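Contents: one structure, followed by commentary.
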Amino acid sequence: MLENGGNSAERKRIIPRRVPVSRREPKERIKDFEEVVRGYTPEEAMAEADRCLQCKQPHCREGCPVGLDIPAFIALIREGRFDEAAAKVREENLLPSICGRVCPQENQCEERCTLGKKYEPVAIGRLERFLGDYELDRGKDVPEPAPPSGRRVAVVGSGPGGLTCAADLARLGHAVKLFESLHMPGGVLVYGIPEFRLPKRIVHAEIDTIHRMGVDIECNVVVGQTVTIDELFSEGFDAVFVGTGAGSPRFPGIAGQNLPGVQSANGFLTRVNLMRAYRFPEYDTPVRIGRRVVVLGGGNVAMDAARTALRLGAEEVRIVYRRSREELPARQEEVHHAEEEGVKFTFLAAPVRCLAGEDGRVGRIECQRYELGAPDASGRRRPVPIPGSEFIMEVDNVIVAIGQGPNPLIQKTTPDLEIGPKGTIVVDPVTGATSKRGVFAGGDIVVGTATVIMAMGAGRTAARAIDAYLRGEADPWANWKVKVR
């Protein structure tokens, strides 16, 4: 029997397994883009919250990049005080419905859950989603901002990092203008994540809360092209936060990768999302899929692309990944959902070349089998090719999901911005300050492709540093020294 919070005088009955959440059946859900996971009912949320040990030294908080008081909001759910629980979450996170759906809680807060040392951890992500949805259904309150500071901040990019930074700065009393290059705000939350994992209505509702806080949002502005960082300062902004993400797709560098029918997962998902293919037949978007689709890669984006291809009519979708199942970087829940829906996996294989069919489009892909050798710099066992093991697969479409590089526009048009060897913006990790006075950055543009919640944490870190800088309480550039790796 585990102790309640480590106090031997108080013990509680331990419920080993978490309350299950309802999901749509695979045969039903692959026919449309409706959400797969339904979420907790109030009764289920209270039952799951009752599993929490309410530890006196809660390690779960250490795993949350935005610092949620997890035991506090779970305790309020347990008592059925949902409005107060939602308000507690809102103190640190204005995007709970989003985070509860797409953040990898199993590698963050839930990984550090004390109950999880022996049993299943508390379903922190599902409880956060429950509160976010509960509040959205009833009309979300807008946090009261501090008195106006008289300072203006430009936030570039309306993804999770930019939204968090903008919300925090608005709450601190600064006038914030959020710039988005596409025609609607949300960044990767809108164009990169499929509807069946994160409905657009949820993203739009969360963004509406930030807009009602006073954040001005301007779309169709490509900072670095429409306007430069220096021009933003000329227009009267006192500080700039860059959260433009990772939008430059990587390709494997093989023969035939430029054939028609070979495309990046980033481009594929963007077309599906922004052209509303997920609302077929209301929107008959011309996204050509074919019968056989191969997806290269093993992360969440690969799972998203494979499951999207199924929903668009592909008869066979196969993921090719150069390591084994144990090394898959995607969330296990997403892998499980993909397998349930019929996605096939070929492990320990990688592409060698793409070959054209009679119509000039990609028609076959040649791959080579691998075996795992010694660990590489990432700590995972390095895949080693097996000579003479090449094999051919017939394909109609190849979707490449092997990572993305940073969006390069701002780096190219801001000469005094220090750039790392991989094209990312170099920042002070404590403040998010760049080498250019008044400019801060965070998220994928700094660390490469990461998670939604990590980008949010970077946005929060920068917002605090920007606030201190604008109020004259700190000068991040007084001793700015960052070693470029």
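Just checking: which of the strands (runs of 3 or more DSSP E) contained wholly in the range 298-390 hold 3 or more residues that are of a type in the set (Asp, Glu)?
Counting at least 3 such residues, we get no strands (runs of 3 or more DSSP E) at all.
Determine the pairs where a residue that is within 20 Å of PRO42 (Cβ to Cβ) and modelled with pLDDT of 95 or more, located within the range 61-78, has a partner that is of a type outside the set (A, V, I, L, M) and not in a loop (DSSP other than H, G, I, E, B) with Cβ atoms under 7 Å apart, the partner being 6 or more residues away or on another chain.
Pairs that qualify, where the first residue is within 20 Å of PRO42 (Cβ to Cβ) and modelled with pLDDT of 95 or more and the partner is of a type outside the set (A, V, I, L, M) and not in a loop (DSSP other than H, G, I, E, B), are ILE70/CYS60; ILE70/ARG61; ALA72/LYS88; PHE73/LYS88; LEU76/GLU84; LEU76/LYS88.
Since PRO281 meets every condition but one in (1) surrounded by 17 or more Cβ atoms within 10 Å (Cβ to Cβ); (2) in a loop (DSSP other than H, G, I, E, B), which condition does it not meet?
Failing condition for PRO281: (1).
Name every residue in the range 225-248 that is surrounded by fewer than 19 Cβ atoms within 10 Å (Cβ to Cβ) and either in a loop (DSSP other than H, G, I, E, B) or in contact (Cβ under 8 Å) with a residue 60 or more places away in the chain (or both), in order of residue number. Full working, then the answer.
Our first condition is that a residue be surrounded by fewer than 19 Cβ atoms within 10 Å (Cβ to Cβ); within the range 225-248, this holds for 225-228, 230-231, 233-236, 238, 248.
Across the range 225-248, the qualifying residues are GLN225, THR226, THR228, ASP230, PHE233, GLU235, GLY236, ASP238, SER248.
Going through the range 156-208 one residue at a time, which ones are under 15 Å from the mean Cα position of the chain (by Cα), under 18 Å from PHE440 (Cβ atoms) and not hydrophobic (A, V, I, L, M, F, W, C)?
Across the range 156-208, the qualifying residues are GLY157, SER158, GLY159, PRO160, GLY161, GLY162, THR164, GLY187.
When you check GLY261 against the structure, is it crowded, with 18+ Cβ neighbours inside 10 Å, touching a Lys or Arg at 6+ places or on another chain (Cβ under 7 Å) and not acidic (Asp, Glu), yes or no? Give the derivation first.
On the way: crowded, with 18+ Cβ neighbours inside 10 Å: yes; touching a Lys or Arg at 6+ places or on another chain (Cβ under 7 Å): yes; not acidic (Asp, Glu): yes.
Answer is yes for this residue.
Would you mind finding the one in GLY438, GLY388, GLY379, GLY420 that is small (Gly, Ala, Ser), over 24 Å from ASP304 (Cα atoms) and surrounded by 19 or more Cβ atoms within 10 Å (Cβ to Cβ)?
Working: GLY388 fails: surrounded by 19 or more Cβ atoms within 10 Å (Cβ to Cβ); GLY379 fails: surrounded by 19 or more Cβ atoms within 10 Å (Cβ to Cβ); GLY420 fails: surrounded by 19 or more Cβ atoms within 10 Å (Cβ to Cβ).
Only one candidate qualifies: GLY438.
Do you know which residues across the range 293-317 are touching a strand residue (DSSP E or B) at 6+ places or on another chain (Cβ under 6 Å) and crowded, with 19+ Cβ neighbours inside 10 Å?
Selection gives VAL293, VAL294, VAL295, LEU296, GLY298, ALA302, ALA305, ALA306, ALA309, LEU310, ALA314, VAL317.
Report, by residue number, each residue of the range 243-272 that is polar (S, T, N, Q) and more than 15 Å from ILE193 (Cα to Cα).
Selection gives THR244, SER248, GLN257, ASN258, GLN263.
Checking the conditions here, which among ASP304, ASP284 is out of contact with any Lys or Arg (no Cβ under 6 Å at 6 or more places or on another chain), farther than 22 Å from ARG361 by Cβ and not assigned by TED's automatic domain parsing to the domain that holds ASP168?
Values: ASP284 fails: farther than 22 Å from ARG361 by Cβ.
Answer to the selection: ASP304.
Looking at this structure, is LEU259 under 21 Å from the mean Cα position of the chain (by Cα), hydrophobic (A, V, I, L, M, F, W, C), in a loop (DSSP other than H, G, I, E, B) and not assigned by TED's automatic domain parsing to the domain that holds PRO104? Before you say what the answer is, go through the steps one by one.
Numbers: under 21 Å from the mean Cα position of the chain (by Cα): no; hydrophobic (A, V, I, L, M, F, W, C): yes; in a loop (DSSP other than H, G, I, E, B): yes; not assigned by TED's automatic domain parsing to the domain that holds PRO104: yes.
Spelling it out, it is not the case that LEU259 is under 21 Å from the mean Cα position of the chain (by Cα), hydrophobic (A, V, I, L, M, F, W, C), in a loop (DSSP other than H, G, I, E, B) and not assigned by TED's automatic domain parsing to the domain that holds PRO104.
Give the range 22-55 a look and list any residue that's in contact with a strand residue (DSSP E or B) (Cβ under 7 Å, 6 or more places away or on another chain) and basic (Lys, Arg), or say none.
ARG23, ARG38, listed by residue number.
Out of the residues in the range 448-473 meeting the condition of being free of Cβ contacts under 8 Å to residues at least 60 places away in the same chain and within 27 Å of GLU231 (Cβ to Cβ), tell me which one is surrounded by the fewest Cβ atoms within 10 Å (Cβ to Cβ). Talk me through it step by step, then tell me what you get.
Let us first name the residues in the range 448-473 that are free of Cβ contacts under 8 Å to residues at least 60 places away in the same chain, namely 450, 461, 465, 468, 472-473.
Now drop any that are not within 27 Å of GLU231 (Cβ to Cβ), which leaves 461, 465, 468, 472.
Numbers: THR461: 24, ALA465: 22, ALA468: 15, GLY472: 7.
Checking each candidate, the answer is GLY472.
With respect to SER149, is the statement that it is among the polar types (S, T, N, Q), in contact with a strand residue (DSSP E or B) (Cβ under 9 Å, 6 or more places away or on another chain) and surrounded by fewer than 18 Cβ atoms within 10 Å (Cβ to Cβ) true?
yes
Got a number for residues in the range 391-404 being in a strand (DSSP E or B) and closer than 27 Å to GLY267 by Cα? Reasoning before the result, please.
Let us first name the residues in the range 391-404 that are in a strand (DSSP E or B), namely 391-394, 397-400, 404.
Right, trim to closer than 27 Å to GLY267 by Cα and you get 392-394, 397-400, 404.
Matching residues across the range 391-404 total 8.
The values are calculated or read from the model by the stated rules, or taken from the named source; none is laboratory data. All figures in this text were calculated on a predicted structure; none of them were measured in a lab. Cβ: placed from backbone, ideal geometry, glycine included. Neighbour counts: every protein chain shown.
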